[in-house]
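Notes for the one structure printed next.
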Amino acid sequence: MIKLTRTDSGNPDFAMLVGLLDADLAQRDGSEHAFYHQFNKIDRIKHAIVAYENNKPVGCGAMKEYASEIMEIKRMYALPESRGRGIATQVLAELESWAVELRYKRCLLETGKKQPEAIALYEKNGYTRTENYGQYIGIENSVCFEKKLAL
């Protein structure tokens, strides 16, 4: 059974999982990693989720305010041995529920073309592709998504 814990970027399990995510992304993104990494600092994230299985951290996700009614989903990750079991979907759903509780109306996110499993996750969970936003405008490897939240 998966237990989801709401926390923030000060959580050591969240920080550990993000470290593993960053190592994975550095391999996938190669020379483009430095560009993306500058936008993924976790020192000020107030809304993070850590998924635990048998008290072991197995996945995470976070969100931060992008605009007054929009949250940006960030730092989604599941351990390789825990993938394919719906953990990321559970984390994403919990982030969306939290955003609704905080009165946000929409979620945005960016992922890379070299992360096909992330693209599939977001499409499976009702996210639709949108034009690249913010710092991702004109970035060839970026794929951006949005979802309107049911309030």
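The values are calculated or read from the model by the stated rules, or taken from the named source; none is laboratory data. This structure is a prediction, so every number in the text was calculated from the model and none was measured. Every residue, glycine as well, gets a Cβ built from its backbone with ideal geometry; the counts of neighbours run over all protein chains shown.
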- Query: So which residues in region 97-127 are closer than 18 Å to ILE137 by Cα, charged (D, E, K, R) and touching a Lys or Arg at 6+ places or on another chain (Cβ under 6 Å)?
  - Reply: LYS114
- Note on the structure: Within region 120-151, the residues that are outside any loop (DSSP other than H, G, I, E, B) and at pLDDT below 95 are GLY134, GLN135, TYR136, SER142
- Task: Looking only at region 95-119, count how many residues are over 13 Å from MET76 (Cα atoms), at pLDDT 95 or above and surrounded by fewer than 19 Cβ atoms within 10 Å (Cβ to Cβ).
- Result: 8
- Message: Under 7 Å between Cβ atoms, which residue pairs at least 6 apart in sequence (or on different chains) link something in region 97-117 that is under 23 Å from ARG6 (Cβ atoms) with a partner that is loosely packed, with under 15 Cβ neighbours inside 10 Å?
- Response: TRP98/ARG6; VAL100/LEU151; TYR104/GLU69; LYS105/GLU69; LYS105/LYS148; LYS105/LEU151; ARG106/GLU69; ARG106/LYS148
- Just give me the residues in region 70-121 being among the acidic types (Asp, Glu) and under 22 Å from LYS56 (Cα atoms), in sequence order. GLU81, GLU94
- Note on the structure: All conditions in (1) at pLDDT 95 or above; (2) outside any strand (DSSP E or B); (3) farther than 17 Å from GLU117 by Cα are true of VAL91 except (3)
- What is the number of the single condition among (1) under 11 Å from the mean Cα position of the chain (by Cα); (2) surrounded by fewer than 20 Cβ atoms within 10 Å (Cβ to Cβ) that ARG85 does not meet? (1)
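Give region 62-88 a look and list any residue that's in a helix (DSSP H, G or I) and touching a residue at least 24 places away in the same chain (Cβ under 8 Å), or say none.
SER82, ILE87, ALA88
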